[in-house]
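The values are calculated or read from the model by the stated rules, or taken from the named source; none is laboratory data. Here the structure is a predicted model, which means the values were calculated and not measured. Counting neighbours? That spans all protein chains shown, and the Cβs are built from the backbone with ideal geometry, glycine included. Surface areas here come from the heavy atoms of the whole protein model, side chains and all, with no ligands, DNA or RNA. Shrake-Rupley method; radii C 1.70, N 1.55, O 1.52, S 1.80 Å.
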Amino acid sequence: MNFDSIKRVQDVDIKNKKVLVRVDYNVPLKDGKVDNNKRIVATEKTVKYLLDNNCRVVLMAHLGRPKGKVMPEFSLAPVAQEVQRLFGVPVHFAKDCVGPQADKVVESAKNGEIVLLENLRFHPEEEKNDAEFAKQLAKHGEIFVQEAFGTVHRAHASTNAVAQYLPGCIGYLVQKEVEFLGKALNNPARPFAAVIGGAKVSDKIMLLNNLLDKVNVLIIGGGMAYTFLKAKGMEVGKSLLDESKIEEAKQVMDKAQAKGVKMLMPVDFRLAKEFSETAEATDSDTIPADMEALDIGPKTEKLFADEILTCKTIFWNGPMGVFEFPNFAKGSYAIANAMIEATKNGAISIIGGGDSVNVLKKGKIDQKAFSHVSTGGGASMEFVEGKELPGLTALENK
Ligand code: AMP
């Protein structure tokens, strides 16, 4: 992808314009109210910038999975109230995202005000990337701003096709993601280490293969490590193991060797007798047949942390153990803390979305201590896997 060919919102003339912005307001609701407004707050810089430039800001978003049907429990109406509370300007809610009603609300809103369109996914055409539907959406703006990083990996009408009908650019939130997940990882300060954990090897093979072309060091932990250790001939007891992926794990290790990538794997473990929140953790260098490894051990923590501290770029995705159980969260916290230390020493630290972010939440670890914590789960994975992101490719050379 040619990131430099994508315009930024600050590069285009948007003054006094009607601006159509795709946002990720897929927020949790409780008792008809927004329960967590983080995703709305994340768009603040772009929305305020547009309001300061006297734009009429038309926001479009999805909520949940109504699968192309109108389902009142997935209405964005409660989100409109929260948007108004946060941005302090009139917010007009359009009860449909296309058609005469939506057109009327958009046309009657003034510059310096916001319109929020009803859930895009009430229409089946949205997820089909339907051109006619995209054209109707495009009528709501003179310029399109992509600010929904969480959905850039989807080829939907509001993320992809819409860009055919309008000049387009990316907002500040997407810019930061592109800056770190795109530019920093493609052209990293070296040494560059990736720390990959999580449960499923199958989910991570593509990620590992793509990273091997870029990193100097590959650190593997989490449940997936046991398939790699088994591939090296170690007994892993009752630990998570995907027999069908042993061959692919071997190929990853061979590729690392061929490319001169240093690979680190756990050398000790925190073992449990059973998979349970209350299971005691036993430190050990080996895994007996009746035990399972639910976290990396203290020697591994040190091994990984020492390596991280020698690196200038560190990317982390996936927990080192079953962090949901307090006795098996320490390995993941050790990675987070080593990355914070490295950041203080000038390294760039990037956390992919999904469960690594949940580790930070669970451990009450300050996200600001890292260079970047991605806001997208699936989107950030696909970004680092090197896949095309339809929500961004649509904006190249526009
Ligand atoms: P993933 O969705 O593949 O990134 O995996 C995240 C999940 O991996 C978390 O829910 C962790 O509890 C789980 N996990 C991490 N390490 C282990 C382990 N050693 N054994 C079992 N599950 C693990």
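List every residue pair whose Cβ atoms sit under 7 Å apart, with the two residues 6 or more apart in sequence or on different chains, where the first one lies in the stretch 292-304 and is without any contact (Cβ under 8 Å) to a residue 60 or more places away in the chain and the second, anywhere, is buried (at least 24 other Cβ atoms within 10 Å of the Cβ) and basic (Lys, Arg).
Every condition considered, the pairs that remain are 294/270; 295/270; 297/270.
How do the pairs read when you match residues in the stretch 313-336 that are outside the structural domain of residue 193 (by TED's automatic domain parsing) and at positive phi with residues anywhere that are among the aliphatic types (A, V, I, L, M) and within 12 Å of the ligand (Cβ to nearest atom), using Cβ under 8 Å and keeping only pairs 6 or more apart or on different chains?
Close Cβ pairs satisfying both conditions: none exist.
Based on what the data block shows, is residue 3 in contact with a helix residue (DSSP H, G or I) (Cβ under 7 Å, 6 or more places away or on another chain), touching a residue at least 60 places away in the same chain (Cβ under 8 Å) and either open to solvent by 50 Å² or more (accessible area, probe 1.4 Å) or within 25 Å of residue 389 (Cβ to Cβ) (or both)?
yes
How about the stretch 298-365: which helices (runs of 4 or more DSSP H) wholly inside it have at least 1 residues that are away from the ligand (no atom under 14 Å from the Cβ) and open to solvent by 10 Å² or more (accessible area, probe 1.4 Å)?
Details: elements: 298-308, 330-344, 355-362.
Fully inside the stretch 298-365 and qualifying: 298-308, 330-344.
Keeping to the stretch 158-212, report how many residues are crowded, with 18+ Cβ neighbours inside 10 Å and free of Cβ contacts under 8 Å to residues at least 40 places away in the same chain.
Residues that pass the stated criteria total 0.
Do we find a residue being in contact with a strand residue (DSSP E or B) (Cβ under 9 Å, 6 or more places away or on another chain), aromatic (Phe, Trp, Tyr), within 20 Å of residue 328 (Cβ to Cβ) and assigned to a helix (DSSP H, G or I) anywhere in the stretch 221-233?
Among the residues of the stretch 221-233, at least one is in contact with a strand residue (DSSP E or B) (Cβ under 9 Å, 6 or more places away or on another chain), aromatic (Phe, Trp, Tyr), within 20 Å of residue 328 (Cβ to Cβ) and assigned to a helix (DSSP H, G or I), which makes the answer yes.
So which residues in the stretch 157-197 are in a loop (DSSP other than H, G, I, E, B) and basic (Lys, Arg), if there are any at all? Spell out how you get there, then give the answer.
Filtering the stretch 157-197 for residues in a loop (DSSP other than H, G, I, E, B) gives 157-160, 165-167, 171, 187-191, 197.
Once the filter is applied, which keeps residues that are in a loop (DSSP other than H, G, I, E, B) and basic (Lys, Arg), the stretch 157-197 yields only 190.
Among the candidates 131, 155, 61, single out the residue that is open to solvent by less than 20 Å² (accessible area, probe 1.4 Å) and either at pLDDT 95 or above or outside the structural domain of residue 380 (by TED's automatic domain parsing) (or both).
Just one listed residue meets the conditions, 61.
Residue by residue, here is whether (1) within 16 Å of the ligand (Cβ to nearest atom); (2) touching a Leu at 6+ places or on another chain (Cβ under 9 Å); (3) of a type in the set (Val, Ile, Thr) holds:
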{"position": "149", "(1), (2), (3)": "no, yes, no"}
{"position": "157", "(1), (2), (3)": "no, yes, no"}
{"position": "168", "(1), (2), (3)": "no, yes, no"}
{"position": "173", "(1), (2), (3)": "no, no, no"}
{"position": "176", "(1), (2), (3)": "no, no, no"}
{"position": "192", "(1), (2), (3)": "no, yes, no"}
{"position": "199", "(1), (2), (3)": "yes, yes, no"}
{"position": "202", "(1), (2), (3)": "yes, no, no"}
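Determine which single condition residue 286 fails, assuming it passes every other condition in (1) within 29 Å of residue 378 (Cβ to Cβ); (2) in contact (Cβ under 8 Å) with a residue 24 or more places away in the chain; (3) among the polar types (S, T, N, Q).
Exception for residue 286: condition (1).
If residue 106 satisfies every condition in (1) open to solvent by 40 Å² or more (accessible area, probe 1.4 Å); (2) over 29 Å from the mean Cα position of the chain (by Cα) but one, which is the exception?
(1)
Looking at (1) within 25 Å of residue 348 (Cα to Cα); (2) away from the ligand (no atom under 15 Å from the Cβ); (3) in contact with a helix residue (DSSP H, G or I) (Cβ under 6 Å, 6 or more places away or on another chain), can you tell me which one residue 250 breaks?
The number of the failed condition is (1).
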